[in-house]
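Novice: Got a structure for you, written out below as structure tokens; questions coming shortly.
The values are calculated or read from the model by the stated rules, or taken from the named source; none is laboratory data. Owing to the predicted nature of the structure, the values given are computational and were not obtained by experimental measurement. Methodologically, a virtual Cβ is constructed for each residue, glycine included, from the backbone with ideal geometry; neighbour enumeration extends over all protein chains shown. Side chains are part of the model used for accessible areas, which takes the heavy atoms of the whole protein and leaves out ligands, DNA and RNA. Shrake-Rupley method; radii C 1.70, N 1.55, O 1.52, S 1.80 Å.
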Amino acid sequence: MSRLGAEGIEGSKRLLCGILTHQDTTTRVVACELDIENNPISAVNSDTCLLSKMKMLWLFLTYNFLYDVITRMERAYEKAKAITAVVEGAENHWGTSANPFDF
């Protein structure tokens, strides 16, 4: 086990399929006196549902980030449209040159 207190578990396709934590070892192996010679690692590793929850959290955070970015872009677009309307109004009022000092 690494110094981090957790190890990834690879499945048959060399994809991450579970996590064995220090807590898994102490609470499910040592405290319960589980025979590690006759039990698969899946009997003690953290629920693979944890990986799904981590993926969902990542997707949720990504969605929130993208939503925030899109919202800011929409606000900036609306402000740019308002500025464009003001500039076009000034050009129509003063002519093609929007400089108020050009008479």
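Novice: So which residues in the stretch 86-103 are open to solvent by 60 Å² or more (accessible area, probe 1.4 Å) and modelled with pLDDT of 85 or more, if there are any at all?
Specialist: Val86, Val87, Glu88
Novice: Filter the stretch 8-42 for residues that are within 22 Å of Met54 (Cβ to Cβ), aliphatic (A, V, I, L, M) and either touching a Gly at 6+ places or on another chain (Cβ under 7 Å) or open to solvent by 100 Å² or more (accessible area, probe 1.4 Å) (or both) and give the result.
Specialist: Selection gives Ile9, Leu15, Leu16, Ile19.
Novice: Another one. When you look at Asn38, is it at pLDDT 70 or above, part of a loop (DSSP other than H, G, I, E, B) and of a type in the set (S, T, N, Q), yes or no?
Specialist: yes
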